[in-house]
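The values are calculated or read from the model by the stated rules, or taken from the named source; none is laboratory data. On a predicted model such as this, the values are computed, not experimentally measured, just so you know. We place every Cβ from the backbone using ideal geometry, glycine too, and count neighbours over all the protein chains shown.
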Amino acid sequence: MKSDETRLAFSHPSERAKATAPDGPLDRISLSDHEREVEIGAFQAERGTTQRVRFNVVVEVRSEADPDADDVDRILSYDTIVEAIDGELAAERVNLLETLAARIAERVLIHPLAARCFVRIEKLDRGPFALGVEIVRSAPEKPKLQLADKMPHPLIVFLSNAAMARADLGAVLDLLDSSGAPVILCVGPSDLPRPKAAHALPQRRIDLLAIEQNAWVLAACDDRCVVVDSRTELDWAMKQGQISVWAPSKLVLDAVDGPGVQATRGEGLALWLAESFEAERLILLGGDVPQGAALPVETWPAEALPQL
């Protein structure tokens with residue numbers, strides 16, 4: 001028994017998670033050997049300088065991956081772990097590895113799928129060895145933090161085909177990027193003819209795919225424009241300050257309360273996305289103003305470059 005306890009004490013946190021798992025199967029995701037330069041420590045010699053710190057994190061999740069649903073929005077993403085580490089390192093300087101580990105675990109366990117979190121943190125520059133701590137925490141019944149409060153409010157921008165064809169599109173993107181808010185670009189279908197289906201549901205998919213084709217056309221105009229289709233990707237892009245071009249099919253078709261009859265028009269979809277993401281505002285570069293907007297809507301001429 002003692003030998004097993006000693007082995008587990010020095011094994012990767014995943015081994016400890018397996019050995020102490022509760023009844024019933026649990027999936028696990030892990031981050032291994034993630035090194036960062038961190039200013040941390042209670043000693044005076046550790047102040048005003050950074051040292052290498054290594055993170056190993058294992059998270060037990062409540063649901064199993066579905067082999068028939070290869071969908072990033074239905075899992076706990078690895079980004080959840082990395083963002084928890086980044087968030088705590090950026091929040092404030094701490095003296096103790098124990099404090100940092102507990103705060104990282106608390107952030108991870110906000111996620112509704114997270115059941116337990118194992119965190120091992122080691123200092124690598126305090127001698128010819130690694131000094132570290134390892135903790136395990138279980139998800140609280142009532143999380144202390146709310147992820148929604150941490151999400152930025154994006155700028156949703158609809159570009160008509162005339163706006164997409166502008167010679168100074170790069171300058172338009174520069175202007176939007178300078179706003180300080182994450183930018184999500186939306187488009188409508190191209191002006192090319194689309195196939196016509198005999199029923200509404202197939203036609204809806206055809207129309208959404210036509211919009212996605214046009215999204216890829218926009219992405220080809222500027223390397224900063226990255227096409228994304230999932231909520232997880234959009235959340236990540238907003239946090240990274242990346243300009244996204246929204247491919248709408250996935251979110252529209254998966255939504256319980258979707259955009260309904262507006263699903264074939266880019267302007268209506270842009271408004272639905274803006275309201276779903278609690279956007280700062282919606283900007284239309286050309287196109288028609290959708291009705292019933294519950295947030296600020298600005299109209300810019302498709303051919304001119306206004307000021308934010």
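Only residues that are among the basic types (Lys, Arg) and at pLDDT below 90: list them for segment 71-114, please. Answer for segment 71-114, where residues must be among the basic types (Lys, Arg) and at pLDDT below 90: Arg74, Arg93, Arg107.
Residues being touching an Asp or Glu at 6+ places or on another chain (Cβ under 9 Å) and surrounded by fewer than 16 Cβ atoms within 10 Å (Cβ to Cβ): count how many of those fall in segment 37-50.
Restricting attention to segment 37-50, the residues satisfying the condition of being touching an Asp or Glu at 6+ places or on another chain (Cβ under 9 Å) are 39-40, 46-50.
When the remaining residues are screened for being surrounded by fewer than 16 Cβ atoms within 10 Å (Cβ to Cβ), the result is 39, 47-50.
Final tally of qualifying residues: 5.
In segment 174-188, the count of residues that are under 18 Å from Leu284 (Cβ atoms) and hydroxyl-bearing (Ser, Thr, Tyr) is one or more. When segment 81-112 is filtered for residues that are of a type in the set (D, E, K, R), closer than 20 Å to Arg52 by Cβ and touching a Leu at 6+ places or on another chain (Cβ under 8 Å), only Glu88 remains.
Within segment 226-243, residues that are β-branched (Val, Ile, Thr) reach partners that are part of a helix (DSSP H, G or I) and modelled with pLDDT under 80 with beta carbons closer than 6 Å, at six or more positions or on different chains, in the pairs Thr232/Val72; Thr232/Asp73. Identify all residues within segment 113-136 that are farther than 26 Å from Gln51 by Cα and either of a type in the set (D, E, K, R) or exposed (fewer than 13 other Cβ atoms within 10 Å of the Cβ) (or both); write none if there are none. Correct list: Arg116 only. Please verify whether Ala255 is farther than 27 Å from Leu76 by Cβ, at pLDDT below 90 and surrounded by fewer than 18 Cβ atoms within 10 Å (Cβ to Cβ), treating the condition exactly as stated. In short, no.
Restricting attention to segment 161-192, the residues that are part of a helix (DSSP H, G or I) and of a type in the set (Val, Ile, Thr) add up to 1.
Of all residues in segment 115-138, those being at pLDDT below 90 and either β-branched (Val, Ile, Thr) or in contact with a helix residue (DSSP H, G or I) (Cβ under 9 Å, 6 or more places away or on another chain) (or both) number 1. Could you look through segment 212-238, keep only residues that are among the hydrophobic types (A, V, I, L, M, F, W, C), over 27 Å from Thr80 (Cα atoms) and out of contact with any Leu (no Cβ under 7 Å at 6 or more places or on another chain), and pick out the one that is surrounded by the fewest Cβ atoms within 10 Å (Cβ to Cβ)? The qualifying residue surrounded by the fewest Cβ atoms within 10 Å (Cβ to Cβ) is Ala220. Only a single criterion out of (1) assigned to a strand (DSSP E or B); (2) on the phi > 0 side of the Ramachandran plot is not satisfied by Gly127, namely (1).
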